[in-house]
Amino acid sequence: MPELPEVETIRRDLAPELTGRTIVRARFSKPDIVLNMSPRSLSRRLQGRRFDGVERRGKHLLLKLDDGRLLQVQLRMSGRFAIGRQAPDKAEFRHIAARFELDDSRTLFYDDVRRLGGFQLLEAEEWAGVEAGLGPEPLESSFTAAHLGERLGGRRAPIKNALLNQSRVAGVGNIYASEALHRARIDPRRPAGDLNRAEMGQLHRAIRGVLRGAIADAGTTFRDYRAVNGQSGRFQDALRVYGKEGESCGRCGTTIARIVQAGRSTFFCPGCQL
Ligand SMILES: [Zn+2]
């Protein structure tokens with residue numbers, strides 16, 4: 001599933017293209033990509049609506065509509081967008097599942113080879129209910145190390161699992177949790193509540209550093225992720241532990257290990273993460 005940097009990259013790509021544009025017609029050619037109503041019903045509700053903005057909260061991508069509703073996009077692993085006057089290159093976009101024809105004669109295309117993702121039209125109150133369950137945004141200036149300590153303090157869950165819990169901190173997933181813990185030199189198996197203040201400060205810096213770096217690199221291309229119009233992210237070149245089981249740690253030379261925590265792979269260095 002795309003994490004904060006990938007969703008933010010897509011948001012930044014889409015926002016200037018869509019904001020202020022009106023949907024002339026929306027078509028969904030694969031019925032299972034509309035999650036909470038029939039495709040026909042969603043098409044009817046979107047026709048004539050204007051995009052008021054494109055927002056991100058945690059890993060959620062939200063297309064704001066001028067009637068106050070939100071079109072939530074669940075990107076999962078294989079969803080990707082393209083925008084243009086013509087359909088994108090068939091080599092990259094072979095399974096177009098949705099088309100939004102815009103009033104500037106361009107079309108927003110959504111392709112989803114595995115059809116794991118989809119669209120969900122939410123009333124403002126419905127979204128407020130979802131958002132109430134999300135922790136703070138780690139890149140907001142108001143998010144301090146003390147704040148991170150409060151969110152994780154007293155938790156007996158391993159720190160890696162606590163970071164994946166979206167109600168503690170929003171937007172961090174499996175890739176960036178492993179990477180942040182390596183940068184902070186913290187063993188992913190330690191109980192979250194055992195980190196001292198200095199370690200919480202290191203982790204706070206590491207989380208923000210790794211997320212900012214990944215946004216600057218347009219995300220990490222792992223499996224199917226693409227930014228808008230088929231562009232790849234580049235942060236996979238900056239990964240230090242994720243997917244590197246058996247390789248040497250760049251910091252201490254120890255062999256990087258993979259373990260499974262709460263059903264997800266964790267990559268870490270047993271030599272320098274204490
Ligand atoms: Zn190491």
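The values are calculated or read from the model by the stated rules, or taken from the named source; none is laboratory data. Just so it is clear, the model here is predicted, and its values are computed rather than measured. Cβ placement follows ideal geometry from the backbone for every residue including glycine, while neighbour counts extend to all protein chains displayed. Note: areas computed on protein heavy atoms with side chains; ligands, DNA, RNA excluded. Shrake-Rupley method; radii C 1.70, N 1.55, O 1.52, S 1.80 Å.
Residues that are touching a strand residue (DSSP E or B) at 6+ places or on another chain (Cβ under 6 Å) and loosely packed, with under 14 Cβ neighbours inside 10 Å within the range 4-28 comprise just one, Arg25. Counting residues in the range 181-202 that are buried (at least 19 other Cβ atoms within 10 Å of the Cβ), under 30 Å from Asp13 (Cβ atoms) and away from the ligand (no atom under 16 Å from the Cβ) gives zero. Counting only helices (runs of 4 or more DSSP H) that sit wholly inside the range 98-194, those with at least 2 residues that are under 29 Å from Ala82 (Cα atoms) and within 20 Å of the chain's Cα centre (by Cα) are 124-131, 174-183.
Scanning the range 237-274 for residues that are β-branched (Val, Ile, Thr) and either away from the ligand (no atom under 14 Å from the Cβ) or in a loop (DSSP other than H, G, I, E, B) (or both) turns up Val241, Thr254, Ile256, Ile259, Val260, Thr266. Of the candidates Ala227, Ala214, Ala218, the single residue that is open to solvent by less than 30 Å² (accessible area, probe 1.4 Å) and either more than 16 Å from Tyr176 (Cα to Cα) or within 16 Å of the ligand (Cβ to nearest atom) (or both) is Ala227.
Only one of the numbered conditions (1) modelled with pLDDT under 95; (2) in a loop (DSSP other than H, G, I, E, B); (3) among the acidic types (Asp, Glu) is violated by Asp67, and that is (1).
One residue alone among Leu35, Leu42 is closer than 17 Å to Gly118 by Cβ, touching a strand residue (DSSP E or B) at 6+ places or on another chain (Cβ under 9 Å), in contact (Cβ under 8 Å) with a residue 12 or more places away in the chain and open to solvent by 70 Å² or more (accessible area, probe 1.4 Å), and that residue is Leu35.
Of the candidates Ala87, Ala124, Ala97, Ala128, the single residue that is open to solvent by 10 Å² or more (accessible area, probe 1.4 Å), at pLDDT below 95 and of a type in the set (A, V, I, L, M) is Ala87.
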